[in-house]
Amino acid sequence: MKQLLSGNEAMALGAYHSGVSFATAYPGTPSTEILESFSQFKGVYAEWSINEKVAMEVGMGAAYGGVRTMVSMKHVGLNVAADPFFALSTTGTNAGIVVISCDDPGEHSSQGEQDNRHLAKMAKVPMLEPTDSQEVYELMQWAIKISEEFDTPVLFRSTTRISHCKSIVDITKDRPAETKKPGFMRSSAKYVMVPSNARVRRTNMEERITKLKAWVEDFPMNQIIRGDRKLGVITSGVAYQYAREVFKNASFLKLVTTYPVPANMIRKFASEVDRVIVIEENDPYLEEEVRMLGIKVSGKEFFPIIGEFNPEIVEAAAVKAGLLPAPVVASKPPPAVQIPPRRPQLCAGCPHVGPEMILRKLGFDSSIKPSPVLRPLTEKEMVIAADIGCYTLGVYEPLGALDTCACMGASIGHAIGMEKAGVPNKTVSVIGDSTFMHSGITGLADMVFKQSANTVIILDNGTTAMTGGQGHPGTGMAMDGSKGPQVNLEKLCEGIGIKDIKVVSAYDMAAIEAAIKASTAAKEPSVVIVRGLCALKFKVKNTSRRVDPDLCIDCRGCLDVGCPAIIIQNDAVQIDAAACVGCGVCQQVCPQEAIVEMKS
Amino acid sequence: MKDVNVLMVGVGGQGVILASDALAEIGMKAGYDVKKTDSLGMAQRGGSVVSNVRWGQNVFSPMIKKGEVDFLIGFEEIEAARWASYLSPGGVAIVADVTIIPVSSMSGGVPYPGWDKIKSILAHYTEKVYLLPAARIGEEVKNPRALNMVMMGAIAAFLDLKDELWLEDIRRKVPPKFLDSSIQAFHKGAQVTQSMKEKGVSR
């Protein structure tokens, strides 16, 4: 049966058809849909974990317990999970376990670009990289097989353009009739990593890689495509597809096992062609592997090390390298019309808009124009340390309300660090409810321990909004949408030792301002929970607002809200009634009270 | 079988992804090898959305090379202009008469160019530029959200496939409540495009 599947859907189906019954993840673009697709299958267990580290540990437990397991995350998620990932490499497993890392070349939706192929090598874990959805599907079966045969986790590496590209999959398999029954096999030598045991396992890890080096030589999905012998292209992942598109006649070596690499196969291929080049996104990972075999090779001297590839980039680099003739340039330049950029923005009715406007007002000197250039703060300004989530979009104009954003949970540590280092300005940390659960709790505990006078503003929209609205312990919402036990944010903060906890509505601008002012004025750790449901996830819709043309003086102050429902039509500010969800933030911003409820 | 490269561009929330998903599936059912991929901004809403859909004997890259787009389907005017350079010489640009002014223009940044300017950009790459009365069709079928169906109809007018292939996919994708208006929007999109094509009209 042929089906059009995204790489992520193919990973889920491939895992299901390999007998995987247990999957856990933390959502993160571009990996989110893997678990969402997997959870649709009958008779499997799928859960969002509180963060990637916990996902990895829960997955280890399942695999130790004899159940085939999949753990998925985005590239930076594997940083969070690196500790148990390396440990899993040491212990090995009882049933097949595949760890999926979805890298994001080009940073479509990430705070950084990193090439996780290095992590396979560092953790001494075999790595597989597919080039389209068909290969994803087939490769998942191999991943489970390798994991069980070599007693190792397998790193399954995808990139945005594999995960989010749909291509045809010929579905040839079905789920095995019998999957392994759960059961733990006791062995402290294998699973209890005290130094005396770990030293023995360390030897096993090296032996495993030695065996794998021989095994990958015959791996059927590594493929030589013979064309013109003048040029031999070694490539992997989606870069293979671009290379095939651009070099119509060259010879290709497509590598699917990228750690360890099939050294003899590479040597053989190189000996058959006049010149070897490597085409790969991001780091010169394969290039270095090839060079270490003593083969003369070029790659990153021509092909970019930064960003995602596409056929134009590969072609332009190939021209620069003298591998392709220069294209004919169009004679006439296009008309010089400037096209305005269209940045992503917070949704109409987003509960993050109100608090971010207040932070802008309280934290920034309004007489100084926002600019990305470094400048010292004035005495009254605050440092707004932000975190990873929808609210990070508040860094863009018109809100322009944030100062730092590094990784999940870092907002709280940033603020503690600045304060303890002696930065004289007040600090606040802005973090979403899901991110707070992910890795804000430990920061908050540290804040209490250090008695940092920081104020943590938890923007509680009742979901993990950025990735499409997944549940977390603070919501009590399970994968299938059912409601269960819930971790209470206020009580959690109180239990950690915060005495000053305020809860305000995300749509009450005066209350938010008063709460932040009071909390930042006090010299003790404090939390302000700003609560309002994600308008997109929960389809919030109240009475729409409209602009009363008789009262509007066209000051355009409401445009500072940056709400997509506020538009300019016929040179006047209007509110698109279909888009407006009636949050009323613009109404509170308007100095003329010209924004009113639709019915009035 | 002729290879077909379609670039669908618009703004988050306009239904670009649903339309491009449908187009990819229809290609597969018509016997092509198919790849499709979307690039969307970081937020769920309001950013630019670009879908690459490729039909062919053997499709390698999911991304279409600059200068090789056969059909540029613009759900919004400046988005069409933004991607005009991807058109192949002789490619077709079908643009909905929809303008969504970005925040950057509203707050005094780069002004939103009018259709004449946008047309001049598109016309630099191809003579075949069609401006579809999408808003009017939306009103006629009483479903302003059926823009993606209008655009599907428009492209259907250029691709020689049985109507049933399109309708079957629409029936599967659209919720029952919107099915009738969606199918009407599809037909109207196809009709208007067909008559423009015959008259050689490019507005």
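The values are calculated or read from the model by the stated rules, or taken from the named source; none is laboratory data. All values derive from a computational prediction rather than experimental measurement. Using ideal geometry, Cβ is built from the backbone for each residue, glycine included, and neighbour counts are taken over all protein chains shown. Surface areas here come from the heavy atoms of the whole protein model, side chains and all, with no ligands, DNA or RNA. Shrake-Rupley method; radii C 1.70, N 1.55, O 1.52, S 1.80 Å.
Interface B-A: total buried accessible area of about 4400 Å², 1.4 Å probe, protein heavy atoms only. Here the peptides A:339-350, A:107-118 are ranked by packing, the mean other Cβ count within 10 Å, and the order with the highest first is A:339-350, A:107-118.
Note on A:Lys190: lysines with a C-alpha under 26 Å away, same-chain residues under 8 apart excluded, are A:Lys53, A:Lys121, A:Lys124, A:Lys145, A:Lys180, A:Lys181, A:Lys211, A:Lys213.
Mind running the shape call on region A:345-470? Use the C-alpha gyration tensor, a ≥ b ≥ c as the square roots of the eigenvalues: rounded below 1.5 for a/c, prolate if a/b tops b/c, oblate otherwise.
Details: a/c = 2.05, a/b = 1.08, b/c = 1.91.
Oblate shape, in that a/c is at least 1.5 and b/c is the bigger or equal ratio.
Contact order, relative form, for region A:257-313: 35 percent (alpha carbon pairs under 8 Å, 6 or more residues apart, mean separation divided by residue count).
In the full protein context, region A:153-224 carries 56 Å² of accessible surface per residue, based on a 1.4 Å probe and ignoring ligands, DNA and RNA. Peptide A:1-11 has a mean of 2 when you count, residue by residue, the C-beta atoms of other protein chains within 10 Å of its C-beta.
When the helices in the protein assembly as shown are scored as -39500 (n - 2.57) per DSSP H run of 4 or longer and the sum is shared across all residues, what 222 nm value do you end up with, to the nearest 500 deg cm²/dmol?
Only helices count here, giving -10500 deg cm²/dmol.
Amide H contacts of A:Val503: A:Ile529, each under 5 Å away and 5 or more positions distant or on a separate chain (H built 1.01 Å from N in the peptide plane; Pro and chain starts excluded).
For B:Val49, the residues whose modelled amide H falls within less than 5 Å of its own, excluding neighbours fewer than 5 places apart on the same chain, are B:Gly10, B:Val11, B:Gly12. Per residue, the solvent-accessible area of region B:109-203 (1.4 Å probe, heavy atoms of protein chains only, all protein chains present) comes to 52 Å². By accessible area, using a 1.4 Å probe on protein heavy atoms only, chain A has 56% of its surface on carbon and sulfur. For a test of understanding, tell me how many lysine pairs in region A:387-527 have Cα atoms under 22 Å apart, given they are 8 or more places apart or on different chains. The number of close lysine pairs in region A:387-527 is 22. Residues whose amide H lies under 5 Å from that of A:Met477, counting only those 5 or more places away or on a different chain, are A:His472, A:Gly484; hydrogens are built 1.01 Å from N in the peptide plane. Along region A:463-476 the Karplus relation, 6.51 cos²θ - 1.76 cosθ + 1.60 evaluated at θ = phi - 60°, assigns HN-Hα couplings of 6, 9, 6, 4, 9, x, x, 8, x, 8, x, x, 9, x Hz to successive residues, with x for each Gly and Pro. Per residue, the accessible area of region A:455-520 comes to 41 Å² when a 1.4 Å probe rolls over the protein heavy atoms.
Comparing Cα centroids, region A:571-597 and region A:159-187 end up 50 angstrom apart.
Inter-part distance, region A:233-252 to region A:496-533, computed on C-alpha centroids, equals 55 Å.
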